[in-house]
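Structure record follows, encoded as structure tokens.
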Amino acid sequence: MATRPITRTTVIPGFGPALGYTVFYLSLVVLLPLSALAVKTASLTWGEFLATVAAPRVLASYRVTFGAALAAAGVNAVFGLLVAWVLVRYRVPGKRLIDALVDLPFALPTAVAGITLSSVYAANGWIGRFLEPRGIEVAFTPLGIFVAMTFIGLPFVVRTVQPVLEELEEEIEEAAACLGATRWQTFRRVLFPELFPAALTGFALAFARGVGEYGSIIFIAGNMPMVSEITPLLIITKLEQYDYAGATAIATVMLLFSFLMLLAVNLLQKWSRRHAA
Amino acid sequence: MKPIKTIAAAAAAFLALAAPLGARAEVSLLNVSYDPTRELYQDYNAAFAAHWKGKGGGPVTVKQSHGGSGKQARAVIDGLEADVVTLALAYDIDEIAGKAKLIPANWQKRLPHNSSPYTSTIVFLVRKGNPRNIRDWNDLVRPDVKVITPNPKTSGGARWNYLAAWGYALKQKGGSEATARDFVTRLYKNVPVLDSGARGATTTFVQRGQGDVLLAWENEAFLAVNELGKDKFQIVVPSVSILAEPPVTVVDKVVDRKGTRAVAEAYLKYLYTPAGQEIAAKHYYRPIDKNVAAKYAPVFPKVKLFTIDDTFGGWQAAQKKHFADGGVFDRIYGPGK
């Protein structure tokens, strides 16, 4: 592998311009804004940076944001898998419609999602009015943040798992059954190892989206400092005080977190693929 | 390189030709404002266009941009080409002057009344019949009352709410910094939801049924009552409140570059004329013109009003003490409280 030259003749010509374009495009769209973030942050000294990103309120917001995003992504990984399974394996009436519905959280403006969710889960809303008497407050509590993140994260898992499921041939399952495996064994030993990397990718994407989400959460969170304040709100708070450097400092920390998270998931994927093989 | 140069030259030539033509033809202004003035300026822009034409000027179209006051100010700082800004707080315009140097520092002295052609104040919106019997600021710190107000760190309007409560406590018998701080702390203990903006807080109170009382701009409270039903909400005017002065100014660097200074200045001056004042009053902003104010006196109940300059030493001082990081508001929500 390593000895293969980079510029080898391929069926499709134009490797040079294609790579050049890719690097240029990524620099323009991804790296340039990110380096601007670093430049703005660099106007702070180390002490100021640490004081900003490790203030008690900011720490509390990390706990809320990353905790809720992790929980929401976990729920989505399980139930997204289930949804994908149903969509691929069963013939249900109106399947096309259900399939399209999955993408709705993608397409919906997040603010619309937030306003809708908070009106549904508020004490006088459709669902809220049944939960409230049982002592379950969703809107304007950390639980509301979790609900919003679950809503917007669902398509990521479904859409990453679905194609892998479609590729899996039913013959494999039949073979397993012929060899005397139970349904559970087939799932655990045959299907799950195949689906795991995709589910993991979906989990990571849903997590990243939850961490960065603002619009849908802000209306349902209640935004109480130390309790239900998400980190993106604190960035906005800094901006309202014209504290650009402070805002980018917190943003940098979030970026770092997300990067580490993606890295961890990639490593996990590599590991699981090696074990599956 | 060559074709790019040619295009650039052609574009420059075109602009040079088009600019004087454009000046003689239609003039377009951009008014960057905050959220609750949307309806006000829709009416006002039409009136001003007619007025300007009547004075022999060409056709004027005024484009509007609305959003949170601080967000709007940041947009102007970052390059939004506003001819005039009409924001919720002097602090936000101060930042445009300080950070981007688009306006001279003494901008607030250029027009009468601290450059605020209309004023407002902070009132209470309660549910019909006033079930919790809320009459004055004191009732807001009762343990059985839930108060809805946005977060002062993200909302200009919320800063007026906060300072109004603080000023009330300060002006009571035996009132001091310590009693004011205690009063405001107790008030915010009664706040179950901190929305990021004023419209969001109104929605939380009106649509979601949260809380017993909403702290709101007077014009916002009138709008809520008129739009959502007199049978559902009513306005309670406290004994003392703050004189909210939303200021306006021309953005000098922009109008000088665009050559729109004359129109932009006339646009703001017209706000001070009886016609302009009438439009402001119709949208429930308190007019400063004596005659118009007298005409609309039945609409606006008399309240003892204090100003931010007298009570807090101006916006810069108030911002630094109360709303900056580590300020009084942050300590109310400090860890372990």
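The values are calculated or read from the model by the stated rules, or taken from the named source; none is laboratory data. This is a predicted model, so every value here is computed, not measured. Because the Cβ atoms are built from the backbone with ideal geometry, glycine has one as well, and the counts that use them run over all protein chains shown. When the accessible area is computed, the model is the full protein with side chains, heavy atoms only, and any ligands, DNA or RNA have been set aside. Shrake-Rupley method; radii C 1.70, N 1.55, O 1.52, S 1.80 Å.
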* Restricting attention to the stretch A:78-96, does a residue exist that is more than 14 Å from chain B (Cβ to nearest Cβ), closer than 30 Å to B:Val206 by Cβ and among the hydrophobic types (A, V, I, L, M, F, W, C)? -> no
* Just for helices (runs of 4 or more DSSP H) wholly inside the stretch B:231-337: which have at least 2 residues that are away from chain A (no Cβ under 14 Å), farther than 18 Å from B:Ala165 by Cα and open to solvent by 40 Å² or more (accessible area, probe 1.4 Å)? -> B:252-258, B:261-269, B:274-282, B:290-295
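Each row is one residue, and each column tells you yes or no for (1) exposed (fewer than 13 other Cβ atoms within 10 Å of the Cβ); (2) touching a residue at least 40 places away in the same chain (Cβ under 8 Å); (3) within 30 Å of A:Leu165 (Cβ to Cβ).
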{"residue": "A:Ala60", "(1), (2), (3)": "no, yes, no"}
{"residue": "A:Ala69", "(1), (2), (3)": "no, yes, yes"}
{"residue": "A:Val75", "(1), (2), (3)": "no, yes, yes"}
{"residue": "A:Asp99", "(1), (2), (3)": "no, no, yes"}
{"residue": "A:Gly114", "(1), (2), (3)": "no, yes, no"}
{"residue": "A:Glu132", "(1), (2), (3)": "no, no, no"}
* **Residues located in the stretch A:244-256, provided they are within 11 Å of chain B (Cβ to nearest Cβ) and either under 18 Å from A:Leu59 (Cβ atoms) or surrounded by 24 or more Cβ atoms within 10 Å (Cβ to Cβ) (or both)** => A:Gly246, A:Ala247
* Note down all Cβ pairs under 6 Å where the first residue falls in the stretch B:165-180 and is within 22 Å of B:Val191 (Cβ to Cβ) and in the same structural domain as B:Lys321 (by the TED database), the second is at pLDDT 95 or above and open to solvent by 50 Å² or more (accessible area, probe 1.4 Å), and they're at least six residues apart or on different chains. => B:Ala169/B:Thr179
* **Residue that is surrounded by the fewest Cβ atoms within 10 Å (Cβ to Cβ) [pool: residues in the stretch A:199-227 that are part of a helix (DSSP H, G or I) and of a type in the set (S, T, N, Q)]** => A:Thr201
* To do: Please work out which residue is nearest to B:Gly334 (Cα to Cα), limiting yourself to the stretch A:34-49 and to residues that are open to solvent by 50 Å² or more (accessible area, probe 1.4 Å) and within 14 Å of another protein chain (Cβ to nearest Cβ).
  => A:Glu48
* To do: Go through the stretch B:200-220 and give me each residue that's within 14 Å of another protein chain (Cβ to nearest Cβ) and not acidic (Asp, Glu).
  => B:Gly200, B:Ala201, B:Thr202, B:Thr203, B:Thr204, B:Phe205, B:Val206, B:Gln207, B:Arg208, B:Gly209, B:Gln210, B:Gly211
* **Output for the stretch B:188-199, where each listed residue is over 23 Å from B:Phe222 (Cβ atoms) and either more than 13 Å from every other protein chain (Cβ to nearest Cβ) or open to solvent by 10 Å² or more (accessible area, probe 1.4 Å) (or both)** => B:Lys189, B:Asn190, B:Pro192
* Going by the structure shown, is A:Ile136 surrounded by 12 or more Cβ atoms within 10 Å (Cβ to Cβ), under 27 Å from B:Gly211 (Cβ atoms) and away from chain B (no Cβ under 14 Å)? -> yes
* Structure fact -> Restricted to the stretch B:221-230 and to residues being outside any loop (DSSP other than H, G, I, E, B) and open to solvent by 10 Å² or more (accessible area, probe 1.4 Å), the residue nearest to the other protein chains (Cβ to nearest Cβ) is B:Leu228
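Quick grid of which residues meet (1) out of contact with any Asp or Glu (no Cβ under 6 Å at 6 or more places or on another chain); (2) away from chain A (no Cβ under 14 Å); (3) farther than 19 Å from B:Val254 by Cα:
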site: B:Glu39; (1), (2), (3): yes, yes, yes
site: B:Asp43; (1), (2), (3): yes, yes, yes
site: B:Ala47; (1), (2), (3): yes, yes, yes
site: B:Lys53; (1), (2), (3): yes, yes, yes
site: B:Gly56; (1), (2), (3): yes, yes, yes
site: B:Pro59; (1), (2), (3): no, yes, yes
site: B:Gln64; (1), (2), (3): yes, yes, no
site: B:Gly68; (1), (2), (3): yes, no, yes
site: B:Lys71; (1), (2), (3): yes, no, no
* **Subset of the stretch A:228-237 [touching a residue at least 24 places away in the same chain (Cβ under 8 Å) and either in a helix (DSSP H, G or I) or facing another protein chain (nearest Cβ under 8 Å) (or both)]** => A:Thr231, A:Pro232, A:Leu233, A:Leu234
